[in-house]
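Below: one structure, written as C-alpha cells.
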Amino acid sequence: MSRLRAALLWSWLLLCSLLSPLVLASPAPPSIELASIATHQVITPQLQVLRDARASELLSTALASGPWEAIHIPMLQEGYSTGAFWLRGQVRNDSSEHVTRWLAMGSARLQDVRLYWLPALPSSSANTVDELIPRYAGTLHPIARREIASRTPLFPLTLAPGEERQWVLRVAGDSAIDLNVALWESAAFRQDEGRELSIQAFVLGVSVLLVTYALIQGMAWHDRGFVLMAAWIVTALAYIWTFQGYLQLYLFPQGGAWLVRTPATLGCLATLLYVRMSYVLVGLQRLRPWNSVYAVIQALLIAVIGATALGNYRVTAPLANATAALAYVMWLASLLHAWRAGLPHARVLTLSFALAWLGMSVKLLELNGLVDRSLLPDWHFAALFQIGLLCMTALVIIGRALELHRKHDQMQWAMLYLRVREQLKLEQAVAARTRELREALEAADQANRAKTGFLTRISHDLRTPLTSILGFADMLQTGGDERARHGRIIVRSARHMLAMVNDLIDYARGDRPDLPHPAPVYVHALLQEIGQEASLLAQRQHNAFRLQVAPTLPPVLTLDARRVRRILGNLLDNAAKYTRDGRIVLQVQWHPASAQSGMGVMEMQVRDTGCGIPLHFQKRVFEPFERAHADRSQPGIGMGLAIVRQWIQQMGGQVALSSRPGEGTTMTLRLPAAIGSEHDVARHDAPEDASGRLLIDGEGRLVLVVEDHADIAQLLGDQLGSVGFAVELYADAERAIARMAAPDAPAVALVMTDFQLPGLHGDAVLEAARRLLPGIPVLLLSATLQPERGQEDGGQFDACLLKPVNFLELQETIGRLLGLQKQEPFCEDGTAPPLQRPAPADLQEALALIEMGAVSDLLDWCDTLQRRNPVWTGFVTMARQLVMDADLSTLEALCQTDQPVQSVDE
C-alpha cells in the first residue's frame, strides 16, 4: 500500500507540474458558491475573458495565454466578430451535499458554445483527462447533442461537498456575440421557462386568430392590405421565434450553419412586408414624393434579403440591420406626413406600433453593442414587441374593417339611390317602349293579316285552275295509249305544283314548310317519274336524256321525296336550259355504310354537255341571287342552286360542282338515307291516284296476285274487286305455283306478281305461268327497275308497273292485256248508274262543302272516302270527276237524289 500511495503521489506531482503554467498564468477568477444561489444569479462580472482574434487557439494555449481580463459592459455586446471569446469562472460547494446549478447563456443566437470542465484543485478529488472533453451548445450543433434540451446554451454544473473547480467557455460564430452568463437553480429555470412559454402560447393563439380574420377579410373584400397584414404577422412571429431559439428547438432540432442567417433574413422580410402593408393601407401612392422613396426602400430590402440569405453573413448582417433601421425611419417620416395629410390609418399605424417600434430600435442598437444589454433582456423585448404587434394589428384590423364596412354602406346607399333613379328611368323607358312596341305590333298584325289574306287569295286562285288541269289530265288518262301516259305526267306535275301551293298556305299560317319530312318511299318509281319529266324537259332543245340507276339501289328508302323531286327537278331544269343538241344524264348509285347498319348514301349525279360554268364563278354559284353572265338570257332570279344547297344540308347531305366551260357540268349530290321496307310504306301513300274513275269491268274473271306484303296485297285485292274481278292472294311463289298446277281449280285470266319474293322470285312465277298457264298474261309489279330481258319465248313479262301502282294505269294495263272495253261514268240517258253510296253523315258533310264552294276540301273529302272504304270507289270516282269539272250543281243532285242506290255503312 505504501508503494501504491507513493506512485499516486508522484503522478499527482507530475500532473500538477504540467498544469501549473496553465493555472498560474493569470490570477484565478473569484470563486462562486453554488449552494448560495436560490433561484438565479448573473455571474458575468465575476468571470474573466480572453480574446482570440483568429479563433484558432486550443484550450491549453488559451489557459497559458494572458492576460485574462475582467468583463466590462462593452464586452457583453461585441456585435458581429470574426474571433472567439474564452470565458473562465470558478465555482465551489461549501455545503455538505452535492449541488447542481445550470450555467446558462442569455442569447439563443450564439452559433458555437463549448464548455470545458477543468479538473478539481489539488485539495479536491482528482479527475481524469477524459473530463476535458467539451460539452457543446449553439445553433451549429443538434439539440440531441446537448445535455439539457433548451432554446439557449445550457450546461449542468455539479459539485460534491467541499469541492471547488474551474470551467472555461469558448464562444464563437457568425452571429452577434452576447457574453451574458448566469447560474440557475433548475426548478427556477424551468419555472421561468414555463412563464415565457405561456406568454408565447397566448401570443400564438391571438396571432392565429388575427391572421385568420385578416385572411377572411382580405378574401371577402378583395383587399390586399389584409393579405399583406396576415403575411407580415406570420413573418414577424417567425422572426421573433428564431430570435428566441424556438425555431431550432421545435422545428429544426438538427441545427446547422444556415440557422444563424434566419434572424436577419426574416427581420428584413418582415420589414419589407410591413412597409408594403403600410403603403397599401394608408394609400401613400396619393403622396407622390413617397412613391419613389418606397420603391427604392423596397428594392433595397429585397437586395439585402438575398445578400443576407446567400452572402457573407458577418458582412451582410450589419448591413441588414442598418437597412431595416433606415426603412423604419423612412416609414415613420412617411406616416407622419400621411397623418398630417389626413390619409386613413396613418395615425392608427403610427400610434399603435410606437411601443414595438421603439423597442425594435433599441434592440437594433443593442445588437450592434451601442447600449447596455440590461436595459432590454431578450424575452422582455420579445414580450414588448409582441404585445405592441398584437395591439397594432388588432387596432389596424378593426379600423380597416370598420372603414371597409363604412365604405360598403356608403356604396350600398349610393347604389340604392342610383338603382332608384335607374328604375324610374327604366320604367319611363319601358312605358315608352311598350307604346312603341304596341303600335309596331298592331302595324305588324295588320301587315301579317294583309299578307295572309293576299297569300290565301293567291293560293285559292292557283288551286282553282289546278283543279281544272287535274280534271282534264284525268280524262286524258282514260283515253289510253300515249295520251294516258301524258295525262299521268300532267297529273303528277299538277299535284307537285298543288303541294307547293299547300306549302304556301302553310307559310301564310305561320308554319315552317322548309323542314324536311323523311318517310319511306319507292325510290325507283320516284326516279322513274323524275326521269319521265326530265325527258320532256330535255326534248325542248333537242337533248337526249338517259336515266341510269344502279341495280344495288334498295327499292325503299326513307327520305323526303318531295324535296328530292324538287332538287333533281331544279338541276335537270338547269341542265335542259343550258344544253342544246347534247346529252343529259341522271345517274343514281348506292353506297352502303355497312351490311348490318341499314344505312347508306344515295349518290345522284346530273351531267350535261352544255356551256359549263366559268371557273371564277363556281365559288359563288350557290349564293342567293348570283347568276353567271350566260344566264341573263334565261328566266330566273338565281335562287335555284342556293335552295338546292340549303335543302341538301338540312337533310344531312352534300352537294359538289364540277364544270368546264364548253364541256359541260356535273352536279353531285350525296344524301344519307336509311333502307326501308315495303311494310313501312303507308297504305294511303302507295297509290298515287287510287281514287281515279273505273275504266274496266272485270266481272267473271279471276286474277292471281302474288305479293308478300299484306297491306299491298289487300290494297290490290280491294282495287281489283272494285272493278268486278275475283282475286286470289298468295304471299309466296311456291304456293302460287302450286295453285297454277291444281287441275280442278277455276281458270285464271291474269297473273300479277311481285319480283322480290321470299324464296323463289318473280322469274319463277313467270316460268311456271308460261309452262302451266300458256297464253295467260303475266303482269309484274316491282319496286325496282328491271333490266331488259331476252326476246326468247317466255323470257319477259307481258307488262311491268313500278310501285306505287297508279290505279288508272293499272286498269289501263289490265284492259290492254285482257282486251277489255272502257266503261263510261254515266249511262246513255245521262243518269247515274246504281252505286253504293256513303253514309248520310258523309253526304251531309259534302252538301255543306258544296254550299261554301270549297273545291279543295271536296277533293280531300273524296280522298278520305276512298281510303275509308274501297266499296265506295264508283261513287267517289263520279264525285271527283264532277268536282274537277266544277259541276257542283250535279254533285249536289247526286248527293240528294232519290234514285235507287245502296247505302253501305263502314
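Mind checking whether some residue in the stretch 225-236 is under 28 Å from I148 (Cα atoms), part of a helix (DSSP H, G or I), among the aromatic types (F, W, Y) and not assigned by TED's automatic domain parsing to the domain that holds A176? No; the residues of the stretch 225-236 include none that is under 28 Å from I148 (Cα atoms), part of a helix (DSSP H, G or I), among the aromatic types (F, W, Y) and not assigned by TED's automatic domain parsing to the domain that holds A176. Looking only at the stretch 320-331, residues that are out of contact with any Gly (no Cβ under 9 Å at 6 or more places or on another chain) and either surrounded by 13 or more Cβ atoms within 10 Å (Cβ to Cβ) or aromatic (F, W, Y) (or both) come to 8 in all.
State whether the residues of the stretch 261-284 include one that is under 18 Å from A320 (Cα atoms) and either in contact with a strand residue (DSSP E or B) (Cβ under 7 Å, 6 or more places away or on another chain) or basic (K, R) (or both). Looking through the stretch 261-284, at least one residue is under 18 Å from A320 (Cα atoms) and either in contact with a strand residue (DSSP E or B) (Cβ under 7 Å, 6 or more places away or on another chain) or basic (K, R) (or both). Being more than 60 Å from the chain's Cα centre (by Cα) and of a type in the set (G, A, S) is a property that does not hold for A176. Does F226 fit the bill of being over 28 Å from P318 (Cβ atoms) and modelled with pLDDT of 85 or more? No. Please enumerate the residues belonging to the stretch 251-266 that are outside any helix (DSSP H, G or I) and surrounded by 16 or more Cβ atoms within 10 Å (Cβ to Cβ). Listed by number, the residues that qualify are F252, G255.
Conditions tested, residue by residue: (1) at pLDDT 75 or above; (2) within 27 Å of Q714 (Cα to Cα); (3) in contact with a helix residue (DSSP H, G or I) (Cβ under 7 Å, 6 or more places away or on another chain).
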site: T831; (1), (2), (3): no, no, no
site: D842; (1), (2), (3): yes, yes, yes
site: S856; (1), (2), (3): no, no, yes
site: W872; (1), (2), (3): yes, yes, yes
site: M884; (1), (2), (3): no, no, yes
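The residue that is modelled with the lowest pLDDT, among those in the stretch 506-525 that are buried (at least 20 other Cβ atoms within 10 Å of the Cβ) and hydrophobic (A, V, I, L, M, F, W, C), is A525. Return the residue satisfying two criteria in turn: it lies in the stretch 666-704 and is of a type in the set (A, V, I, L, M, F, W, C) and at pLDDT below 80, and of such residues it is surrounded by the fewest Cβ atoms within 10 Å (Cβ to Cβ). Checking each candidate, the answer is A682. If only residues of the stretch 179-206 that are more than 60 Å from the chain's Cα centre (by Cα) and among the aliphatic types (A, V, I, L, M) are counted, the one that is surrounded by the fewest Cβ atoms within 10 Å (Cβ to Cβ) is A187. Taken over the stretch 237-250, the criterion of being in a helix (DSSP H, G or I) and more than 18 Å from G205 (Cβ to Cβ) is satisfied by Y239, T242, F243, L247, Q248, L249. Listed by first and then second residue, the pairs with beta-carbon distance under 7 Å, at least 6 apart or on different chains, first residue in the stretch 168-186 and more than 22 Å from D52 (Cα to Cα), second among the hydroxyl-bearing types (S, T, Y), are E185/T39; S186/T100. Taken together, the criteria exclude Y328 from residues that are within 18 Å of L110 (Cα to Cα), among the hydroxyl-bearing types (S, T, Y) and out of contact with any His (no Cβ under 7 Å at 6 or more places or on another chain).
For (1) assigned by TED's automatic domain parsing to the domain that holds L59; (2) under 25 Å from A317 (Cβ atoms), each residue gets a yes or a no:
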{"position": "P134", "(1), (2)": "yes, no"}
{"position": "A144", "(1), (2)": "yes, no"}
{"position": "R165", "(1), (2)": "yes, no"}
{"position": "L169", "(1), (2)": "yes, yes"}
{"position": "S175", "(1), (2)": "yes, yes"}
{"position": "S198", "(1), (2)": "no, no"}
{"position": "V203", "(1), (2)": "no, no"}
{"position": "L210", "(1), (2)": "no, no"}
{"position": "L215", "(1), (2)": "no, no"}
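Within the stretch 602-625, is there a residue that is surrounded by 15 or more Cβ atoms within 10 Å (Cβ to Cβ) and among the acidic types (D, E)? Yes.
The values are calculated or read from the model by the stated rules, or taken from the named source; none is laboratory data. Quantities reported herein were computed from a predicted structural model and do not represent experimental measurements. Cβ sites come from the backbone with ideal geometry, for glycine too, and all protein chains shown count toward neighbours.
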